[in-house]
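The values are calculated or read from the model by the stated rules, or taken from the named source; none is laboratory data. The structure displayed is predicted, hence computed values, not measured ones. We place every Cβ from the backbone using ideal geometry, glycine too, and count neighbours over all the protein chains shown.
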Amino acid sequence: MIKGVFDIDGSLYLENKNGKLYPRVEFKTVSSILSEQMKNILNSLDIRTTKYGLFREEKNWNTLYTVAIRGDKMTNKFFKKINPANPKHNLKFNKYRGSS
């Protein structure tokens, strides 16, 4: 489940922090149930996550839930255990690993 959701709707952000790339894997959904399931599955795999909701005041917009994995150790563990298949994510991850 996690692999499929990440391959289609997940993101790998590489933020420049103090001259080094800092990785952040994120899943965003309007489903509170899906976000909670994803958080629980990742935590059961010993991958620390943060979950938060963004209430959007725009007319008829649902709350957007984000499940985030931050930092080098957890991002590496995520890619090792989940083994994403999306070439775009893998290319970006390899770029990050090559910059360390």
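Among residues of the stretch 72-100 that are closer than 11 Å to L12 by Cα and surrounded by fewer than 15 Cβ atoms within 10 Å (Cβ to Cβ), none has a Cβ under 8 angstrom from a residue that is at pLDDT 95 or above and of a type outside the set (A, V, I, L, M) at a sequence gap of 6+ or on a separate chain.
Every residue, every condition in (1) of a type outside the set (K, R); (2) modelled with pLDDT under 95; (3) assigned to a helix (DSSP H, G or I), yes or no:
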residue: K3; (1), (2), (3): no, yes, yes
residue: F6; (1), (2), (3): yes, yes, yes
residue: L14; (1), (2), (3): yes, yes, no
residue: Y22; (1), (2), (3): yes, yes, no
residue: E26; (1), (2), (3): yes, no, no
residue: K39; (1), (2), (3): no, no, yes
residue: L42; (1), (2), (3): yes, no, yes
residue: D46; (1), (2), (3): yes, no, no
residue: Y52; (1), (2), (3): yes, yes, no
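E26 meets the stated requirement of being under 13 Å from F79 (Cα atoms) and either surrounded by 13 or more Cβ atoms within 10 Å (Cβ to Cβ) or in contact (Cβ under 8 Å) with a residue 12 or more places away in the chain (or both).
With the requirement that a residue be surrounded by 15 or more Cβ atoms within 10 Å (Cβ to Cβ) and more than 13 Å from the chain's Cα centre (by Cα), what does the stretch 29-40 give you?
Across the stretch 29-40, the qualifying residues are L34, Q37.
Among the residues of the stretch 48-67, those identified as over 14 Å from S32 (Cα atoms) and surrounded by 13 or more Cβ atoms within 10 Å (Cβ to Cβ) are R48, T49. Scanning the stretch 73-100 for residues that are over 15 Å from D7 (Cα atoms), of a type in the set (D, E, K, R) and modelled with pLDDT under 95 returns K95, R97.
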